[in-house]
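For reference, the structure discussed in these notes is given below.
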Amino acid sequence: MSAETIRIESLSKNYKVGHEIVRALRSVSLTIKKNEYVALMGPSGSGKSTLMNVLGCLDTPTSGSYYLNSKDVSKLSDNELADIRNREIGFVFQTFNLLPRSTALDNVALPLIYGGQTKQARRERALEVLDMVGLSDRTHHRPNELSGGQRQRVAMARALVCNPSIILADEPTGNLDSKTSIEIMGLLQDIHTAGNTIILVTHEEDIALHAHRIIRLRDGQVESDVVNENVVTMENHTTNAG
C-alpha cells in the first residue's frame, strides 16, 4: 500500500467579501497517496482553486487539518510554508510565470538559490532537468525566443529542479494548442512514471482523462471522487493517430 502524501480532514476555508462570508471550502476530507495522479475538476466557484492554493501551501485553511508527508502544515507560519513549498511542491501554471529577461537555464535554476546551493551545483541540476524535458538545446534562450510549448517545458523543468514530492499543475495546457497540449500531457505522464505525485487542476474533460483519479468539486464540497477506468496515455494517442 502506498504511503499517503496528502491528508486533509474537515478542511474549510472562508473569505470575507464586504459584509458577507464566502464559504469557499466546506469540511472537505480526502487522502492522496504517494505517486497518485489526480485531477481536480469543478465549475467556476466550486472551490477547486481554493483547494489548490491550500494544497500548494499558498493559503491556510480557516479550520480543519492538512497533513503533507505526515506533517501538519495547516498551522505553520508563512516562512515555514514558503520553505515547504520550495522543497516539497513544484508548481506549473497556465501562464508559465517565467522571468522574461532570464534564460531558460536561469529560470530553472532560480528555486535552487533559496536552497543555498553553489552556482555550479545550480547550473548542473538545471541543465539536468532541462535535458529531462527535451530542452537541452534551448538553455540560453529567453522566454520570448521560445514557443508556448517550450515555455511550458521550461516551467515544468523549474517545477522539478528541487526534486519535489508533488507536482501541482494548474491548467497547464490552458494556453496551448491541442498538439502541444498532448506533448505536455505526455511529459506529465513521464514525470508521474518517474515517481512524482501529480495534482492536475483543469476544467477540460479530455485533459482530466490523463489522470488516474478524478475528484469533482461543487459548492466547496467533494461531489464525486472516482478512479478513472479509461486513462488516456501517449500510447492511446499513438494508436488513435495510426
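List of remarks:
- Sole residue being surrounded by 18 or more Cβ atoms within 10 Å (Cβ to Cβ), of a type outside the set (K, R), in contact with a helix residue (DSSP H, G or I) (Cβ under 9 Å, 6 or more places away or on another chain) and at pLDDT 95 or above, chosen from V28, V73: V28
- Output for the range 31-43, where each listed residue is more than 21 Å from E205 (Cβ to Cβ) and surrounded by 15 or more Cβ atoms within 10 Å (Cβ to Cβ): K33, K34, N35
- For the range 175-188, the set of residues classified as part of a helix (DSSP H, G or I) and of a type outside the set (S, T, N, Q) consists of K179, I182, E183, I184, M185, G186, L187, L188, listed by residue number.
- Any hit, the range 98-112, residues being within 27 Å of S44 (Cα to Cα) and either modelled with pLDDT of 95 or more or in contact with a helix residue (DSSP H, G or I) (Cβ under 7 Å, 6 or more places away or on another chain) (or both): yes
- Residues located in the range 164-197, provided they are touching a strand residue (DSSP E or B) at 6+ places or on another chain (Cβ under 9 Å) and among the polar types (S, T, N, Q): S165, Q189, N196, T197
- Qualifying residue in the range 152-174 (condition: over 17 Å from the mean Cα position of the chain (by Cα), of a type in the set (D, E), surrounded by fewer than 22 Cβ atoms within 10 Å (Cβ to Cβ) and assigned to a loop (DSSP other than H, G, I, E, B)): no
- Test for I184: is it farther than 28 Å from G134 by Cα and buried (at least 22 other Cβ atoms within 10 Å of the Cβ): no
Rundown of residues vs (1) among the charged types (D, E, K, R); (2) buried (at least 18 other Cβ atoms within 10 Å of the Cβ); (3) closer than 19 Å to S181 by Cα, yes/no style:
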{"site": "I89", "(1), (2), (3)": "no, yes, no"}
{"site": "T95", "(1), (2), (3)": "no, no, yes"}
{"site": "L98", "(1), (2), (3)": "no, yes, yes"}
{"site": "A109", "(1), (2), (3)": "no, yes, no"}
{"site": "G116", "(1), (2), (3)": "no, no, no"}
{"site": "H141", "(1), (2), (3)": "no, no, no"}
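- Residues (assigned to a loop (DSSP other than H, G, I, E, B) and either crowded, with 19+ Cβ neighbours inside 10 Å or not charged (D, E, K, R) (or both)) located in the range 189-218: A194, G195, N196, T202, H203, L209, H210, A211, H212
- Pairing each residue of the range 53-77 that is under 15 Å from T197 (Cβ atoms) with any residue that is in a strand (DSSP E or B) and charged (D, E, K, R), provided the two are 6+ apart or on different chains, yields C-beta distances under 6 Å for Y67/R7.
- Matching option when the condition is touching a strand residue (DSSP E or B) at 6+ places or on another chain (Cβ under 6 Å) and on the phi > 0 side of the Ramachandran plot, among G90, G64, G45: G64
The values are calculated or read from the model by the stated rules, or taken from the named source; none is laboratory data. No experiment lies behind these values; they were computed from the predicted model shown. Here the Cβ is made from the backbone with ideal geometry for all residues, glycine too, and neighbour counts use every protein chain on show.
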